[in-house]
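Asker: Below are the structure tokens for one structure; questions will follow.
The values are calculated or read from the model by the stated rules, or taken from the named source; none is laboratory data. Quantities reported herein were computed from a predicted structural model and do not represent experimental measurements. Don't worry about glycine lacking a Cβ; one is built from the backbone with ideal geometry, like all the others, and counts go over all protein chains shown.
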Amino acid sequence: MEKSGNAFVDEISSIPGGEGIRLCIQCGTCTASCPNADRMEHTPSQLIAMARAGMRKEVLASKAMWYCLSCYLCTVRCPRGIKQTELMHALEYLSIKEGVSPGETLTPTMYRLFNHYACSLGSLPELWFMTRFYLQTNPLRAWRIVPVALNMLRRGRLSLRRRRLTTEGTGQLRAILHKAESLGGV
Amino acid sequence: MKYYTYFPGCSCSTEGGAKAYSWSVQAVSKVLDSELVELDDWNCCGSTPSSSVDELAAFCISARDLALAEKRGFDLVTPCSACYVIFNRTNHYLKQYPRLKTKVDEALGAGGLEYHGTVRVRHVLDVLVNDIGYDAIAAKAKKNLNGLKVAPYYGCQVVRPKPSFDDPEYPQSLDKLIVSLGGEAVPFPLKSRCCGGSLIFTEEAVALDLVRRLLDSAQKNGAECLATVCPLCQTNLDAYQGEVNKMFQTNFHLPVLFFTQLIGIALGLDEKDLGLKTCVVPADKVLAKYR
């Protein structure tokens, strides 16, 4: 990989999908396309400009990327072919790796919990996931989704049963993940 | 008979909130001479949240499913747009980034698996309209949808990011399918805009506002219901419709059907087999006119 003389840009570029950061011409198409740009403290194109200015701490502490919906509209519109959505994911990944926990948004917590179930159980038990997420973050918020959960229960759409892999499948998944852990990330 | 490997994903599994989507997919494919056999012992697709938390683990989880599917040798078909986007991403990345592939191969090896990158990952919508075809589906229809006004809702990940089987911003396949069954696909400018995804848990107000825009556009264009191709979109639009009404003092009452449920109705299938009762906003009234 070619070094840019900017350690943060190199760090982002080393993540698959992050290398496009070097190509940005600051046209703002991503920002104009983003359904959540108005909710972000820094727009997608600003995040790129900040990263290229070496503002590592500010970028990773920002909660802007956590508003990314992964709708990929920016990605299909970028005139430079940057995988903008993947770039946002790369920033999320670095932010989590760094242990930066942005205040005010619960998305990193939710993502971590989701990943916990995906890795340990091999699937996402929706009822358990929702319950645990609300208990872990703010049980008081849970009352808001009680009507939603009740409606889903009534329609047979929330199951107490958790899907499990076979014993062999579980062992195989564990062995794969254990090995992956020893390989030090992407 | 056409053969496929079926990947329901967590939402559309027997334990998932969108299991009715799988029911209707299976019921419809039977009539259409296709066999979708569920992948044995599959795990989560790798998921967008996981790739932000532990990217390598996410690729490895995803590759395990692909390796298992490769052994069967058929196209891997999923009804979930989120699984669809992740598997295609894994396939694409393993080809584009050799260093990543080396690591994923090593991890898979620890589980006694290998993956050669040959599995074609498809969405159910793609299979139905392109392998089976509009005419073949319409030929098997027992009921005409009789001008039922449907807003065709694609959401994001079935058409983006890769150039897929339809246009990334203004897709047409679902529109054509509805029309071929005798329904009316109402103009729906937001047809490929986001439903809020998993931010419904963490940024409720933000996600509900996105849902509101979709419902509003569908209603203003005269839709009597929406047809969706993704379990997450369906859940956000259907199960959270009441919350949208509370938050924005609106009065939406739009049933949100899986597109395969709509096909099933046209094929004259038993409504129980299609799981219509799992819709939070009841579809009975709208569909009564067309029975």
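Asker: Going through segment B:40-63 one residue at a time, which ones are crowded, with 24+ Cβ neighbours inside 10 Å and more than 7 Å from chain A (Cβ to nearest Cβ)?
Answerer: Those that are crowded, with 24+ Cβ neighbours inside 10 Å and more than 7 Å from chain A (Cβ to nearest Cβ): B:42, B:45, B:46, B:58, B:59, B:62, B:63.
Asker: Here is a further query. Just one of (1) surrounded by 14 or more Cβ atoms within 10 Å (Cβ to Cβ); (2) more than 8 Å from chain B (Cβ to nearest Cβ); (3) not basic (Lys, Arg) trips up residue A:148, so point out which.
Answerer: Answer for residue A:148: the failing condition is (2).
Asker: Just wondering, is there one or more residues in segment A:107-115 that are more than 7 Å from chain B (Cβ to nearest Cβ), over 25 Å from residue B:55 (Cα atoms), β-branched (Val, Ile, Thr) and part of a helix (DSSP H, G or I)? Steps first, please.
Answerer: Residues of segment A:107-115 more than 7 Å from chain B (Cβ to nearest Cβ): A:108-109, A:113.
Still in the list and also over 25 Å from residue B:55 (Cα atoms): none.
Looking for residues that are more than 7 Å from chain B (Cβ to nearest Cβ), over 25 Å from residue B:55 (Cα atoms), β-branched (Val, Ile, Thr) and part of a helix (DSSP H, G or I), one finds none in segment A:107-115, hence no.
Asker: Regarding segment B:194-209, can at least one residue be identified that is surrounded by 20 or more Cβ atoms within 10 Å (Cβ to Cβ) and out of contact with any helix residue (DSSP H, G or I) (no Cβ under 8 Å at 6 or more places or on another chain)?
Answerer: Looking through segment B:194-209, none of the residues is surrounded by 20 or more Cβ atoms within 10 Å (Cβ to Cβ) and out of contact with any helix residue (DSSP H, G or I) (no Cβ under 8 Å at 6 or more places or on another chain).
Asker: If I filter segment B:279-286 for residues that are under 16 Å from residue B:23 (Cα atoms) and either modelled with pLDDT of 95 or more or within 14 Å of chain A (Cβ to nearest Cβ) (or both), do I get at least one hit?
Answerer: Yes, there is a match, as at least one residue in segment B:279-286 is under 16 Å from residue B:23 (Cα atoms) and either modelled with pLDDT of 95 or more or within 14 Å of chain A (Cβ to nearest Cβ) (or both).
Asker: Name the single residue that is farthest from residue B:281 (Cα to Cα) among those in segment A:151-186 being part of a loop (DSSP other than H, G, I, E, B) and more than 7 Å from chain B (Cβ to nearest Cβ). Can you show your working first?
Answerer: Step one: filter segment A:151-186 for residues part of a loop (DSSP other than H, G, I, E, B), giving A:155-166, A:183-186.
Filter once more, so that each one left must be more than 7 Å from chain B (Cβ to nearest Cβ): A:160, A:164, A:184.
Details: A:160: 23, A:164: 30, A:184: 47 Å.
So, considering only residues that are part of a loop (DSSP other than H, G, I, E, B) and more than 7 Å from chain B (Cβ to nearest Cβ), the one farthest from residue B:281 (Cα to Cα) is A:184.
Asker: I'm checking my understanding of the structure. Among residues of segment B:198-213 that are more than 14 Å from residue A:105 (Cβ to Cβ) and within 11 Å of chain A (Cβ to nearest Cβ), which one is nearest to the chain's Cα centre (by Cα)?
Answerer: B:210
Asker: Something else: Quick check on segment B:264-272. Is at least one of its residues modelled with pLDDT under 95 and within 19 Å of residue A:153 (Cα to Cα)?
Answerer: Taking every residue of segment B:264-272 in turn, at least one turns out to be modelled with pLDDT under 95 and within 19 Å of residue A:153 (Cα to Cα).
Asker: For segment A:54-76, how many residues meet the condition of being within 15 Å of residue A:36 (Cβ to Cβ) and either part of a loop (DSSP other than H, G, I, E, B) or within 12 Å of chain B (Cβ to nearest Cβ) (or both)?
Answerer: 13
Asker: Any idea which residue in segment B:13-37 is nearest to residue B:113 (Cα to Cα), counting only those that are away from chain A (no Cβ under 12 Å) and charged (D, E, K, R)?
Answerer: This residue is B:35.
Asker: If you don't mind, another one. Can you find, within segment A:93-106, the residue that is nearest to the other protein chains (Cβ to nearest Cβ) among those that are out of contact with any helix residue (DSSP H, G or I) (no Cβ under 8 Å at 6 or more places or on another chain) and under 20 Å from residue A:184 (Cβ atoms)?
Answerer: Only one residue tops the list, namely A:97.
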